[in-house]
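Readers should treat all values here as calculations from the given coordinates under stated rules, not as data from a laboratory. The structure presented is a predicted model; accordingly, all values stated were derived computationally and were not measured. Positions of Cβ are generated from backbone atoms using ideal geometry, with glycine treated the same way; all protein chains shown enter the neighbour counts.
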Amino acid sequence: MIMSKEMIDTCEMVLKTAKEAGAADCRVAFNKSRYVEVKYRERKPENVSEAATRSINIEIFVDGRYSGQGTSDLRKEALKSFVSDTVKSARLLEQDPYRSLPDPKYYKGRTKTDLQILDPGYNSITQEERHAMAKELEDACLTAGGDKVISVSTQVYDVFNEETILTSNGFSGEIQSSVCFTFAEMTAQDEGDRRPNGYNYAVGRGYTKLPSCSDIGKEAASRTMDLMGGKKITTETLPIIVENRNVGSVLSGFISAMSGTALQQKRSFLLDKKGEKLGSDIFTLIDEPHIIGGLGSRPYDGDGFATKKLSMIEKGVLNEYFIDWYRSRKLGIEPTTGGASNLVLPPGKRSVAEIMKDLGRGILINGFIGGNSNSNTGDFSIGITGKLFDKGKFTQNVAEMNIAGNHIEFWNKLSEAANDPWTYSSLRTPSLVFTDVVVSGI
Amino acid sequence: MKTIGRRDFLKAAIAAGGAAGVSRIIPGAWLESARAASPGFFESEFGITEALCRKVLDKALSKGGDFADLYFEHTISNYVGLEDGKVDRAFGGIDLGVGIRTVKGDQTGYGFTQELTEESMLAAASTAAGIADGSAKTAARKYIRPSIKNYYPLTSLLSDVSLSSKLPLVKRVNEKCFALSNLVIKVNVTFHDQQKRVLIVASDGVKADDILPLNYIYSSVVAEKDGRQERSSWNFGGRQEFSYYTTDVMDKLADEAVSRAIILFDAVQPPAGEMPVVLGPGITGILLHEAIGHGMEADFNRKGVSTYATMIGKKVAEPFVNIIDNGTNERQLGSINVDDEGTVSQRTNLVEKGILTGYLHDRISAKHYNVNPTGSGRRQSYQYYPIPRMRNTYMLAGDAKPEDIIKSVKSGIYVKDMSNGQVKIGEGDFAFFVSQGHMIEDGKLTRPIKDVNIMGNGPKMLQNITMVADDLEMYQGGTGRCGKDGQSVPVSFGLPTCLVKSMTVGGIQEQGA
């Protein structure tokens, strides 16, 4: 799809207005987006929504001062006064010598590969197809759930986005993107008043890149069954397997401590730990911005830097932090990139089933609840649900249990990565095995 | 991207000390000036006449339906921040749009637009109308504004407060934080304010409007001692007037942020296991929000997915337990004068003398249960359709003394402060993360604790509330947010000191003998 000239023209007008109002530099981002959503319940549409949005966000650099503003009112005269008002109010702030547009040398070398951030099939999706998908999700879930079903809901959602960014120091970028999402959830009747709710979903650039709706619906039902009769058992030290799609709930506490803002503002337990070994040899994280159709794929990052592959953590050694342009100035170090694109933890060779047989007894964690992580100390505590296995076979479902620890120690317990990378996320991790974890309960 | 529906409660900050429920004496004139500012705003600024609304509503009902509504919104947001000693960043935005909804039974069609032109609105109405497939209906010809009380009047609009008035507040907090302790190494201070104007027009003849302020001053402090670093934060705000932000408030904020950071050097993660938990007053009301609040939202119950779906009229707690969800608390963050469907706000009883009494209803659920809506239909913005949400959720004071409650516990923990919580409403299982508290040993508060997840089950927890004190306090901040079905709304909470005889503490070592 070709982008209209309208967006570039509007951005150029904004830059011109900013200069005329006295700004030394300006970045303008123009975003337009359209989404469609269909939800089904009780074999009929429960919600049908569709709308479009647009917004212009500007960053102004004037007299060594900095400010940002956004608006959805894009009438020409309204935009002009919006820009000059922003310049005026920026002058009221204190100067920040570290604020500037990035050195343009970092803009160079942008990949020419079509990353298929906009799925080639996106434009031909019809509303009838969305309804058909929502129905298929529902049928499969209802059938698999059988007489245990209290309620099933399904959702089909997609969004199309167009972005144009210009800066006064020569950056120009245009991206069109699509994201498609299918989802099914089920509530089942358990003993007493317990009504476990389980779900399944997939996200990708195009619906054709996702598993079939009947597979998704069927698995939503089986994941709900995996919550039936969940009880806590006595506190025990044993191996855990964190399911691929849930690794982020634990890993996010580590990743957020890698950010330039956290480091520079002294709220990171990873401060001064670059180059140290902080995890096992399995603990490798690679930032890969050029995965075709990847949910985090991008030709340039938030600063406009041309993106490239980065080894963040390698065999447990912390190689790089996420340093954006502003924090690189404040810290006096080279920037890398402000945030993750697609983060990949390389998969291993064995399946979860093989690993379970080998381990004998352990808990497969299929969900987390509550919890948090202290970015200064690395301490974390989080509730879990899961399936206890013994002699390699599942024996019961567990709930209301908790794992707690510290990130500096925890990733040394990572003993194996399974062969099942989760690709419906920008965080692409396989299921991970941790040994000697205290799982607290009774 | 809209996220999977999870009953999350996102970041909230911490309640102040100070008694809740103390009403301030307010001069009478404010009611008139605030009222005068609001109706007619969309008409005078954007030409939104009653005739135009009727036309759009008729379009939304062009294939039938029970009713349709329009939700106009104009929101101005501002943020000014201090980092490394300088107030050197400000952000803001204006968001304008209208959401158009058609309802038929429990089905909803929805569209919205940011262009308040007739053509664009009719197109969005056409999208919404598609949920129905019958013969056209028409909207009411006459529109009445219900009698609406104002729980957060403004003598002057926040959009008229200039950046230069906010700078000194932010700087004062920063100076005070560094002055309070030489352990302080980093301070961040931000002032946020938002002014939301709404106009709701419903096809059955209701026309309601409101101006909702939302603001807070927030400070985050990092302290360093013997090579270790700890951080804490605090905020004051709610639906305040700008005059609320006095130098006293700035100084109190600095005090709280610094003292909470410093105590963490002595704090430990408690042992793991089941034990009695005493909740201190205030923000700990998050417990109610997760343990029962979400489970009482009527949409979950009419779908049969909440564990409370068959418990109305049943005894769920001791007779001294009374739990309220209220939209009419003065200046509280979760208060609304009218909900986002045009229903006048109210106080709703969830648990009365230990008996589960009623759900939180939007219009769809109220019709399903054949009751009146409870003013609980809320939405994040014009980009979303409303669903049942909480407002200010709290427990009424009891008779016990807080000191006696602590004395009664041989071995357990005392929770002062929580940062977040989450619930699975079908099972009733919930969790909340404790950021400040103490061990209780032989009836006394001993070592400070931090960073522990506490879990429980809603109905079981309610039954296990064995003592309730007379010291109800409400959260005094502006950052409380509740997330549900991908939409976030501001909420508040409160609690008196109370004892839950057993909860699961997700601490760090196996509980010793």
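Counting only DSSP H runs of at least 4 residues, each contributing -39500 (n - 2.57), and dividing by the residue count of chain B, the helix-based mean residue ellipticity at 222 nm comes to -5500 deg cm²/dmol. Taking only the Cα atoms of region B:91-181, the radius of gyration and Dmax are 22.7, 71 Å. Dividing the convex hull volume of the alpha carbon atoms of region A:146-272 by its residue count gives 213 Å³ per residue. Values of log10 I(q)/I(0) for region B:301-352 across q = 0.13, 0.16, 0.18, 0.27 Å⁻¹ run -0.46, -0.67, -0.79, -0.99, by the Debye formula with one identical scatterer at each alpha carbon and no solvent. Placing a pseudo-label 7 Å from each Cα along the Cα-to-Cβ vector at residue A:103 and residue B:165 gives an inter-label distance of 4.4 nm.
Structure shown: which of A:209/A:413; B:176/B:225; B:186/B:444; A:232/B:303 lie over 23 Å apart, alpha-carbon to alpha-carbon? From the list (A:209/A:413; B:176/B:225; B:186/B:444; A:232/B:303), the Cα-Cα distance tops 23 Å for A:209/A:413; B:186/B:444; A:232/B:303. For chain A, the direction-averaged projected area of the alpha-carbon convex hull comes to 23.1 nm². A Cα-only calculation for region A:356-442 places Rg and Dmax at 13.6, 40 Å.
For region B:50-159, the residue among B:112, B:126, B:76 whose Cα projects farthest onto the positive side of the dipole built from Cβ charges is B:126.
In summary, region A:219-308 shows an alpha-carbon radius of gyration equal to 1.52 times the 2.2 N^0.38 Å reference for compact globular proteins. Note that region A:1-143 shows a convex hull volume over its alpha carbon atoms of 190 Å³ per residue. Inverting the pair-averaged 1/r between distinct Cα atoms of region B:124-220 gives 18.2 Å as its Kirkwood hydrodynamic radius.
The alpha carbon centroids of region B:74-119 and region A:1-78 are separated by 13 Å. When you filter the trypsin sites (Lys or Arg not before Pro) in region B:301-399 for DSSP loop state and at most 16 other Cβ atoms inside 10 Å of their Cβ, you are left with B:314, B:353. A viscosity of 1.567 mPa s and a temperature of 4 °C, combined with the Kirkwood radius over C-alpha pairs in the Stokes-Einstein formula, give region B:371-419 a diffusion coefficient of 85 µm²/s.
For region A:311-421, the Kirkwood estimate of the hydrodynamic radius, built from every pair of different alpha carbons, is 16.9 Å.
Directionally averaged projected area (region B:377-513, Cα convex hull): 9.7 nm². Could you tell me whether the protein assembly as shown comes out rounded, prolate or oblate from its Cα gyration tensor? Rule is a ≥ b ≥ c as square roots of the eigenvalues, rounded for a/c under 1.5, then prolate if a/b exceeds b/c, otherwise oblate. Note, shape of the protein assembly as shown comes out rounded.
Put simply, region A:80-124 fits an ellipsoid with semi-axes of 37, 21, 8 Å; these come from the alpha carbon gyration tensor as the roots of five times its eigenvalues, largest first. Suppose we keep just the DSSP beta bridges with both residues in the protein assembly as shown; what percent of those would be antiparallel, to 5? Restricted to the protein assembly as shown, the bridges split so that about 90 percent are antiparallel.
P(r) for region B:195-236, from all Cα pairs and a bin width of 10 Å, is 21, 23, 18, 15, 13, 8, 2 %, short bins first.
Taking 37 °C and 0.692 mPa s as conditions, region A:1-63 diffuses translationally at an estimated 225 µm²/s according to Stokes-Einstein applied to its Kirkwood radius (Cα pairs). When the GluC sites (Glu not before Pro) in region A:152-260 are filtered for DSSP coil states and for at most 15 other beta-carbon atoms within 10 Å of their beta-carbon, the remaining sites are A:191.
Kirkwood's formula applied to the C-alpha pairs of region B:66-124 gives a hydrodynamic radius of 14.1 angstrom.
Put in line by how crowded their Cβ is, counting other Cβ atoms within 10 Å and starting with the fewest, B:382, A:157 read A:157, B:382.
For region A:83-199, the fraction of alpha-carbon pairs lying more than 17 Å apart is 74 percent, rounded to a whole number.
Taking other C-beta atoms within 10 Å as the exposure proxy, A:237, A:224 rank A:237, A:224 from fewest upward. Semi-axes of the equivalent ellipsoid for chain B, computed as √(5λ) from the eigenvalues of its C-alpha gyration tensor and ordered from largest down, come to 40, 29, 19 Å.
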